[in-house]
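Here is the structure we will look at, set down as structure tokens.
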Amino acid sequence: MPGPARNTRVMTMRLSLRLAASALAFSSVPATAQMSDAPTGTSMPQPAPLADTIPPPRDVPYSGTIKLAVDATDVAHGIFRTTETIPVQPGPLVLLYPKWLPGNHSPTGQIKKIAGLTFTADGKTIPWKRDPIDVFAFHLDIPAGVTSIEARFQYLSPTADNQGRTVMTPVMLNLEWNLVALYPAGYFTRQIMVSPSATYPDGWTSATALRPSGTDTAKGGLIQYETVAFDTLVDSPTIAGRYARIVPLSDSVTLDVIADRPEQLPEKAEHIAPHKALVEQAVKLFGAQHYNHYDFLFTLSDTLGGQGLEHHRSSEDGVKPGYFQDWDAVAAGRDILAHEFTHSWDGKFRRPADLWTPDYRQPMGNSLLWVYEGQTQFWGHVLSARAGLISREEVLDEFAADAAYYANQAGKQWRAMDDTTLDPIIARRAAQPWPNWQRSEDYYREGSLVWLDADSLIRERSKGKRSLDDFARLFFGGHDRDWGELTYRFDDVVAALNQVEPYDWATFLHQRIEAVAPQAPLDGFARGGYRLVYTDKQGPWQKSRDKARKTADFMYSIGVTMGREGKVATVMWDSPAFNAGLTNGTTVLAIDGTAYSDDDLKQAIKDAKGTGKPITLLVRQGDYFRTVSIAWNGGLRYPHLEKIDPKAPSSLDALFTARK
């Protein structure tokens, strides 16, 4: 009998031969192509053939059920440990790590944080080889007689900010199953069944849209969950932590709150009430619920990475700890729950056809993100106001901030909003040197202004009888309790709008989405009875936004926002600050000879108003120091929406009114 070492060598050789044979089979470049007609003495190679040796997904059941066990107890090191038992058949097998992730709109799978990968069968090691083209794929050759293999590996949560999003701390964790699971290539993920379990630290409370399969509780230890399809598993993350409170918001919706400290958890009824109202207003808007139950997975933390990520029956909502404690000061961050909840209808149930994929390897198309995200952004603002999560004054401030941003965005001169739907792939949400000129993912905020424009137009043409509410119910509603997916294309959007209010909606959308349009889409405000104005006073929403971001906003005066310790956070293209030579990352050391502070810069802008005196700054850019003079005498300017006729009825006011 051959020994283990010889077995390993033989299997490795067989795997290499299979990959080589597959590459030759798929190659379209003949061997003679290596011979060129190049001049004598000049070497001119031909490209090596590229072959896709990974089987495409088929809509057929995968044989057997994968058992996925995740040990999430090593919170000191931030390590998740996976043991995955996978039914197999002898022969070639390709296992995939999720790459294109729903809600991220880009190939952001965290393959670089996987370590310690091994495969065994009956106690014997099975060699693996990473695909040389798709590094998210692993090739194995399953020996005869083997019916299941065991995969073991670790997911290493970042331990410092420069490593990525932290998903495990000593007091809480966010278990996203796509980070800790492999799946077999060649199948739609909805056809791959998984029996998942997780072990949490003792005494911790966990929450997820998954449900325990037996009598397990959510108080630490091992929890075995119901068997689900792999795509449902990926769509059903968990949170767990030492300090938690589970708050029912309706008969099918819960607010699952986990915090760094117990005093940060919700205590006051007046803070819970608007969250209950959010659920009520959303159901009244859409007229159906596309879930059998829904969990807001809400983390309040300074250390766990914050985010807002939608799922069909849950959402991951991570904010700073003061959400409930500093209620009156955090209005700017309070519409995250409304935004992600809206996605259960817009994005998860009704999904753009090119964003739905059969597995997590096929690239996703982003062409309709101005509906998926743009209208969700719109309803996030509106539902927050209707529910009382933010006041009417605050939501007007929020829309004013968006209006001013696009009214002053230089990048609209050359780049259509439609093109920014590709930014999740192009820029991967990395910081940019000149965002005002480059543009970035404007399908969110500018998209919301387009939908505000559509709402006002429907109201005007129907004399107030119809609105975008009718579109929401028609397009995203129906199919009550159906949490499958129903895809759509551009023409479906146009047809639904025409069913609500006949109009040339195709041209309306093409002009605002696909054309280079230097003018911001602000017609919705004028029809709604408001206009964009600037004053020298910030509104409450703007103040809370700056406090949350730890920034000071001078964007519409000298053209900058300032970050911590005098560092320039953003410079508007062709603004006074830009023309004076300031860039993102420059540090302002002094103002007119005095050490920098945000308040002193504000005062300097006030003092320069109506004079010819420049604002003089000492700045440091890298290792270089210089003095710059900013020519600006217009004083402080902050955007607001002002009612044109205070006594006249306003369709914008009607938009923000709670539905009875």
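The values are calculated or read from the model by the stated rules, or taken from the named source; none is laboratory data. This is a predicted model, so every value here is computed, not measured. All Cβ positions, glycine included, derive from the backbone under ideal geometry; neighbour counts span all protein chains shown. Heavy atoms of the whole protein, side chains included, go into the accessibility calculation; ligands, DNA and RNA do not. Shrake-Rupley method; radii C 1.70, N 1.55, O 1.52, S 1.80 Å.
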Among Pro87, Leu175, Leu101, the residue whose Cα sits farthest towards the positive end of the charge dipole of region 65-185 (+1 at Cβ of Lys and Arg, -1 at Cβ of Asp and Glu, taken about the Cα centre) is Leu101
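So between Ala329 and His479, what do we pick up on full extension, going 0.36 nm a residue minus the alpha carbon distance? Spell out each step's value before the answer.
On the way: separation 150, 0.36 × 150 = 54.00 nm, distance 3.91 nm.
The Ala329-His479 span can extend by a further 50.1 nm.
Before I look further, what does the chain give for accessible area per residue, probe 1.4 Å, in whole square angstrom? The partial results should precede the final answer.
Details: 28490 Å² over 660 residues.
Value for the chain: 43 Å² per residue.
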The correct pair for region 514-660, radius of gyration to one decimal and Dmax as a whole number, both in Å and from Cα atoms, is 18.3, 61
Under 5 Å from the placed amide H of Thr586, counting only residues 5+ away or on other chains, we find Val568
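Which percent of the accessible heavy-atom area of region 302-382 goes to carbon and sulfur, probe 1.4 angstrom? Provide the component values of the computation, followed by the final result.
Working: 870 of 1840 Å².
C and S atoms contribute 47 percent here.
With all protein chains present, how much of the accessible area of region 75-210 (probe radius 1.4 Å) comes from carbon and sulfur, to the nearest whole percent? Show your work: numbers first, answer last.
On the way: 2560 of 4860 Å².
That share works out to 53 percent.
Taking the Cα centre as origin and putting +1 on Lys and Arg beta-carbons and -1 on Asp and Glu beta-carbons, what dipole magnitude results for the chain, to the nearest 20 debye? Display every interim value, and only then the final one.
Details: 69 positive and 77 negative charges, 117 e Å.
For this selection, approximately 560 debye.
Determine the relative contact order of region 490-630: mean sequence separation of Cα pairs under 8 Å and six or more apart, normalised by residue count, in whole percent. Walk me through the numbers on the way to the answer.
Numbers: 154 pairs, mean separation 18.0, N = 141.
Relative CO of region 490-630 lands at 13 percent.
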With all protein chains present, region 224-293 has a carbon and sulfur share of its accessible area (1.4 Å probe) in percent of 47
Hits in region 228-272: amide N under 17 Å from the 7 Å Cα→Cβ extension of Asn292, namely 228-237, 251-254
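With contacts defined as alpha carbon pairs under 8 Å and 6 or more residues apart, what's the relative contact order of the chain in percent?
10
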